[in-house]
Amino acid sequence: MTDALEKRRSVCPGVPMKDLTYANNCNNAGYDLGAWAHAYLANKFGPDVLLEIFYANLDKLGWEGSFSQTYGMSSEQFYQEFDEFLD
């Protein structure tokens, strides 16, 4: 996590997690932070919800719908919460 946070601060300062994309990956910080985002959600909601709830509903509800149903918040709310955690 230290490397990801350093990349986020030095390569893309002020870029929120939701804006890390393939085109703007901040020297691959998005990959490292994505792993930590999953760990954060797994710690908060349980280790099995990604496979048992999120992926199970992905085709039916789409990404945002499945995320909201699984975690009880929109991805926008999560990004805000996770960015606060990172800061």
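The values are calculated or read from the model by the stated rules, or taken from the named source; none is laboratory data. Given the structure is predicted, the values throughout are model-derived calculations rather than measurements. Glycine also receives a Cβ, built like all others from the backbone with ideal geometry; neighbour counts cover every protein chain displayed. Surface areas here come from the heavy atoms of the whole protein model, side chains and all, with no ligands, DNA or RNA. Shrake-Rupley method; radii C 1.70, N 1.55, O 1.52, S 1.80 Å.
Quick rundown of the values:
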item: Accessible surface of the chain, 1.4 Å probe, proportion on carbon and sulfur as whole %; result: 52
item: Among (1) 13.6; (2) 14.2; (3) 13.0, the entry that matches Kirkwood radius over Cα pairs in Å as calculated here; result: (1)
item: Charge sum, other residues only, whose C-beta stays under 9 Å from residue 18's C-beta, Lys/Arg counted +1 and Asp/Glu -1; result: -3
item: Under 24 Å from the Cα of residue 7 - lysines, other chains or at least 8 residues apart; result: 18
item: Estimated dipole of segment 1-76 in Debye, rounded to 20 [Cβ of Lys and Arg +1, of Asp and Glu -1, Cα centre]; result: 180
item: Whole-number accessible area per residue in Å² for the chain, which is evaluated in the context of all protein chains at 1.4 Å; result: 63
item: Sparse-neighbourhood loop sites, GluC sites (Glu not before Pro) in segment 41-87 - DSSP loop, at most 16 other Cβ within 10 angstrom; result: none
item: Degrees, to the nearest 10: 75-86 long Cα axis against longest axis of the chain; result: 40
item: The chain, helix-only ellipticity at 222 nm - DSSP H runs n ≥ 4, -39,500 (n - 2.57), divided by all residues, nearest 500; result: -20500 deg cm²/dmol
